[in-house]
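Taken together, the values in this text are just the output of simple stated rules run on the coordinates, not laboratory data. Just so you know, these numbers come straight off a predicted model, no measurement behind them. In this analysis, Cβ positions are derived from the backbone assuming ideal geometry, glycine residues included, and neighbour counts consider all displayed protein chains.
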Amino acid sequence: RKGGFAHFMLKEIFEQSDVFQQSFRLAFSHLETSALLRHAHGISVIACGTSYNASLLFRYFVEKECGTPVRVDLASEYRYLSTPEDEVVIAVSQSGETADTLSALKKAAASGCPTIAITNVQGSSITRAADRTIYTGAGPEISVAATKSYMAQVAAFVGLLAGMTCSETSFVECSVGQAIEESLLTDVSEAVSLCVPASTIFYVGRGIFYPVALEGALKMKEISYIHAEGYAAGEIKHGPFALLSEMTPAVAVCLPGDGYHSMLGNLREMKARGTPLIGIGYGDDIDLQDVTDVCIPIPKGDEYAQVAAVTVIMQRIAYYTALALGRDIDKPRNLAKSVTVE
Ligand code: M6R
């Protein structure tokens, strides 16, 4: 059932191009839901773990493309926060059974908010608590570490956004698919060599790559058991600087666009404090190559393709680091695929 792969996680990483396409189309077909979101005063998204990290990306995409304010909350914290009834609430959960997400969704529904579930599992509990459901097309995910279900959630958000902005869609599917396929073959071995002996690994990015960094760090810590932290690059100097050393490599996303020069500045500051730097950027970026110890190229493309490519690279760095350390990759210690207690 692993289709020749050593672990389900690796198999699921390799399925992501198809999963993106499938999930994007499914979400895009929900034009009524996109219209509801387009006319909303505000959108609130609730989720846990990897699903939360995918939801953070939606905030950046929507606020840039539509200007609609998007609030993203950890489902476990939602009960302590206000629930404005003019917000459309989206609950995101691969399993559809996460207790915190389910109770946050019920709270939103009880406050009179229109509710939408995004889930991968047909008939799961959150589908029964929400007004409407968008299924992702990831298929069953066996590995505890969420990989293709994250990509499916990102695709669902991009599909909804395309509906909200009435955008042309064929280009998105094609560019993201190619970016994923290429990134599955990119050599990440030098990056893995820097990560294996680390005591802590920082993941840093700006803008849309901040949530991607959070997800990269989550993948690394849960399957390799190396402490990893995702940070907005601008925040590193507000505390984490004290931790930087030769034993704390950083995986840094640095791509042309908003914040590029600030990011390079952040990397130089980290380098000056001894941090081994793994850059993820464009292969012809000489400035990035100059400041980093290892530079992993991603194909050129739009923001969605960049997000997908960086995600795949980070998943593979985590996978091969855990493999080198002999971890139980598909069933990491102390973790369950579905968390049904609050
Ligand atoms: O099923 P859900 O998406 O609601 O699960 C939420 C988290 O438990 C989950 O995303 C978790 O963080 C991942 N399995 C980690 O890879």
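Computed from the Cα positions only, the extents of the range 215-283 along the three principal axes stand at 33, 24, 21 Å, in decreasing order.
In the chain, the DSSP-assigned H stretches of four residues or longer account for a calculated mean residue ellipticity at 222 nm of -14500 deg cm²/dmol, using -39500 (n - 2.57) per stretch and the full residue count as denominator.
For the chain, the share of DSSP beta bridges that are antiparallel, to the nearest 5, is 0%. For the range 285-342, the list of trypsin sites (Lys or Arg not before Pro) that fall in a loop by DSSP and count at most 13 other C-beta atoms within 10 angstrom reads Arg333.
Note: relative contact order over the range 62-123, using C-alpha pairs below 8 Å and six or more positions apart, is 35 percent. For the range 140-182, the set of GluC sites (Glu not before Pro) satisfying both a DSSP loop assignment and a count of at most 14 other C-beta atoms within 10 Å is given as Glu168. Let me test this: with uniform point scatterers at the alpha carbons of the range 265-342, what is the Debye-based log₁₀ I(q)/I(0) at q = 0.24 1/Å? Scattering profile of the range 265-342, log10 relative to I(0): -1.10.
The range 144-202 and the range 1-73 have Cα centres separated by 11 Å. Taking only Cα atoms, what is the 0 to 90° angle, nearest 10, from helix 209-224's long axis to the longest principal axis of the chain? The angle comes out at about 70 degrees. For the chain, relative contact order (Cα pairs under 8 Å, six or more residues apart, normalised by length) works out to 20 percent.
For the range 124-180, the calculated P(r) over all alpha carbon pairs, in 5 Å bins from 0 to the bin holding the longest distance, is 4, 15, 20, 24, 20, 10, 7, 1 percent. Both radii come from the Cα set of the range 1-46: Rg as radius of gyration, Rh as Kirkwood radius; their ratio Rg/Rh reads 1.24. According to the square roots a ≥ b ≥ c of the eigenvalues of the Cα gyration tensor, what is the shape class of the chain, taking rounded for a/c under 1.5, prolate for a/b larger than b/c otherwise, and oblate for the remainder? In terms of gyration-tensor shape, prolate. For the range 280-332, the Cβ-based charge dipole about the Cα centre amounts to some 380 debye (Lys, Arg positive; Asp, Glu negative; other atoms uncharged). Of the three principal axes defined by the Cα atoms of the range 197-342, the extents in descending order read 43, 35, 31 Å.
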